[in-house]
Each structure stands twice: as structure tokens, then as C-alpha cells.
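Peer 1: Sharing a structure here in C-alpha cells format.
Throughout, read-outs are computed from the coordinates displayed, never taken from laboratory work. Computed from a prediction, not measured in an experiment: that's the story for all the values here. All Cβ positions, even for glycine, are placed from backbone atoms using ideal geometry, and neighbour counts span all protein chains on display.
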Amino acid sequence: PTPKPSGKEILIEISACGVCHTELDEIEGRKMPKLPVILGHEVIGRVKELGDKAKRFELGERVGVAWIYSACGSCKFCKSGRENLCYDFKATGCDADGGYAEYMIINEDFVYPIPDVFSDLEAAPLMCAGAIGYRALRLTGMKDGDTIGLYGFGASAHIVIQIVKYLYPNSKVFVFTRRRNDEPSKLAKEMGADWVGITGDTSPEKLDCAIDTTPVGIPVKEALRNLERGGRLVINAIRKETKIPELEYAEYLWNEKEIKSVANITRRDVREFLEIASQIPIKPEVKRFSLEEANKALIMLKYGKYRGAGVLKID
């Protein structure tokens, strides 16, 4: 049955939903969702119905939903602009039903208008891969002229490189992929990476900062090895499928190297990123699937069988 919105909730008729590695974490038990659950947190659709107190959007308006489904609004984290760390943080498609469906309900305060420059398929990966990539990039503290390393070149990193090229035109981008001459490495070259290698390679020069978007542990060690003194590694992953290897202090951590993780996302991240994305404008590389092909899309994602971002088109 179609859900019914109440209060500040809105009913969204879904047109597209991105496929994210976090769904694999949920399916494979590394990040346990509520059960049963409808997956999907990169949601694009149109407002179909309004609750009796919903006022921000018009019927038929195109909107998006991200990973943040709700937060308490009253704790020390929410009050200081860090709602991503709220102990009552609820995630779309994990703690609440998400976008692998025809309809979903969510409080209007956690919904975003979508810039006209993007199609539904292009907009979907912006809601997580793009927005969380933007947050990770901000957390690196990168400045124009710095050299950044991107470990993994999937949905998030292929958007991050476009942000870097726009915001930091004098910076170099080095990309590290799973295999030489695979589809992600080819895409990285097409998108202007200054150098492309594999995870275990030594970069042509030291990295001032790095972002690890991979689902495994070894890139953390390799990124720290390539990091310049005083550099920072940001790990953009909710869970890792394999353990981070033991790190010998003098080689991997000394000289004020830093490691920072990304936890969830804030509404401010999403709003800021959508504005920047429309200015650039970001051009996501999209692999289209039908809703019925969701399992196929997830299996292909797991084994790195497509370029860029997978998106389910909900017809």
C-alpha cells in the first residue's frame, strides 16, 4: 500500500535511486539495518502528497533525499552543526525505509530541491556519493596547489575529482585503483587525473592529503605510506570488509600524519554540495538499471564491473 504522510511528512513518488556500497554493508551484515527494510538513500522524485503541516514544497516539485533521514535536533552535536554525530541519527534505507521503491515518506526538513541542470539519473548519485565526497574533501583541509590522492575511483571519487578540478585548479590529483587499466582507471584518466596507478604503487610525489573510498583495509596503510609529513588521510567508508593492517608507528604515523574518518552527513553538506555541483556543473557517469535489476546492480558494484555510479530508474 502507498504510505500516507502526516504532520510535516511528505510523500515522494520516486523516479530514481542510486546504488551505494553501504547497501552491500547492510546486506552482508557489516552495518545492520532495521528489518525488514527498503534499501536506498540516493533518492530523486516528486512530491506526491503533503502532510497537514508540510509547507516547504509544492505538489509536483522535484526533490531529493540523502543518507540523513532524521536527527534529534536538541543534543550537543545537533546544536553545534554536527547532526551527523547525533546519537539518535537515523539513516535513510537503514533505520527508515528508503528509495528502492515507488514511494517513500520523510519529514520535509530532510528533503532538498534539485537543481534543474541535472536529470533524475544524474541527480541520484549526488545525494550520497557526491555529498559525502564533498564532506570528505572538506575534512582533508585541502588548499589550492596541494596534491591529493584518491584511493578507489567509484561513484564518490569520480565526483570528487570534478570538485577538486573546479575549486583547486593548481592541484594535482593522483588516483589509485584496484587493477591496472580497469574501467575505473580508464575513467580517471578521462577525467583528468594527473597520474593513475594501483593501490600498492608509490605515488610520483608525496600526497598532501588523501581520501580512501575503498571497502577494504590495505589502502589505509598504503595512503599513509605515500602521505607527506603533516598530511591527512580521510577514510570515507561506513564499514571495511577487511581489517586495516598493523601500522608501524615510525613509518606510517610519525611526523604528524593524521587519520580522520567520515561519519554520516549533515543537511548543510547536501545543500552546499548541490549548489557547487550545479555551478561546475558536475557530470556523473551513470550506469542505468531498472528497479527489477537491483540485485544485478549490487553484484556488479561489488566486483567493480561498471564505471561511475549505478542508478535504479523507477518507472
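Peer 1: Output the peptides 277-286, 149-158 sorted from most to least packed, where packing is the average of other Cβ atoms within 10 Å over each peptide's residues. If you can, show how the numbers build up before the last one.
Peer 2: Details: 277-286: 18.1, 149-158: 28.7.
Ranking the peptides 277-286, 149-158 by packing returns 149-158, 277-286.
Peer 1: Using a Förster distance of 41 Å, how high is the FRET efficiency between residue 288 and residue 251, based on the Cβ-Cβ distance and rounded to 0.05?
Peer 2: Details: r = 44 Å, r/R0 = 1.08.
The value I calculate is 0.40.
Peer 1: Which percentage, to the nearest 5, of the DSSP beta bridges contained in the chain is antiparallel? Don't skip to the answer; put the middle values down first.
Peer 2: Values: 24 of 52 bridges.
The answer is about 45 percent antiparallel.
Peer 1: Could you tell me how far the Cα centroid of region 251-294 sits from the Cα centroid of region 17-81, in Å?
Peer 2: Here the answer is 16 Å between Cα centres.
Peer 1: Here's something else I'd like to know. Could you sort out which of 143/240; 48/79; 31/243; 31/305; 165/283 sit more than 20 Å apart by Cα distance in this structure? Walk me through the numbers before you get to the answer.
Peer 2: On the way: 143/240 28 Å; 48/79 32 Å; 31/243 15 Å; 31/305 23 Å; 165/283 13 Å.
Listed pairs above 20 Å: 143/240; 48/79; 31/305.
Peer 1: Then there is this: Extending each Cα 7 Å along its Cβ direction at residue 143 and residue 280, get the distance between those two points in nm, one decimal.
Peer 2: Here the modelled spin labels are 2.3 nm apart.
Peer 1: Most fluctuating residue of 74, 119, 203 in a GNM of the chain with Cα springs under 10 Å: which is it?
Peer 2: Looking only at 74, 119, 203, the biggest GNM fluctuation is shown by 74.
Peer 1: Another one. Shape verdict for region 102-185, please, from the Cα gyration tensor: rounded (a/c under 1.5), prolate (a/b greater than b/c) or oblate. Numbers along the way, then the final one.
Peer 2: Working: a/c = 2.36, a/b = 1.62, b/c = 1.46.
The shape class here is prolate.
Peer 1: Follow-up question, since we're still on this one. Figure the gain on full extension for residue 190 and residue 225 (residue separation times 0.36 nm, minus the Cα-Cα span) and round it to one decimal in nm. Could you put the intermediate results ahead of the total?
Peer 2: On the way: separation 35, 0.36 × 35 = 12.60 nm, distance 2.65 nm.
This chain segment gains 9.9 nm when fully extended.
Peer 1: Given only helices, namely DSSP H runs of n ≥ 4 each adding -39500 (n - 2.57), what is the per-residue ellipticity at 222 nm of the chain, to the nearest 500 deg cm²/dmol?
Peer 2: Details: 10 runs with 81 residues, N = 315.
About -7000 deg cm²/dmol.
Peer 1: Expressed in nm to one decimal, what extension gain is obtained for the pair residue 296 and residue 206 from 0.36 nm per residue of sequence separation less their Cα-Cα distance? List each step's numbers first, then the result.
Peer 2: Values: separation 90, 0.36 × 90 = 32.40 nm, distance 3.86 nm.
Gain in length upon complete extension: 28.5 nm.
Peer 1: Which one, [x] 24.8, 85; [y] 21.6, 71; [z] 19.1, 61, gives Rg and Dmax of the Cα atoms in Å as derived from the coordinates shown?
Peer 2: Correct label, based on the coordinates given: [z].
Peer 1: With label points built 7 Å along Cα→Cβ from the Cα atoms of residue 315 and residue 61, find their separation and express it in nm.
Peer 2: 3.0 nm
Peer 1: May I pose another question? Taking 0.36 nm per residue of sequence separation and subtracting the Cα-Cα distance, how much length would be gained by fully extending the chain between residue 272 and residue 167, in nm to one decimal?
Peer 2: Details: separation 105, 0.36 × 105 = 37.80 nm, distance 1.34 nm.
Extra length from residue 272 to residue 167 when fully extended: 36.5 nm.
Peer 1: So if we plug the beta-carbon distance of residue 243 and residue 28 into 1/(1 + (r/R0)^6) with R0 = 22 Å, what FRET efficiency do we get, rounded to 0.05? List each step's numbers first, then the result.
Peer 2: On the way: r = 15 Å, r/R0 = 0.70.
Efficiency at R0 = 22 Å is approximately 0.90.
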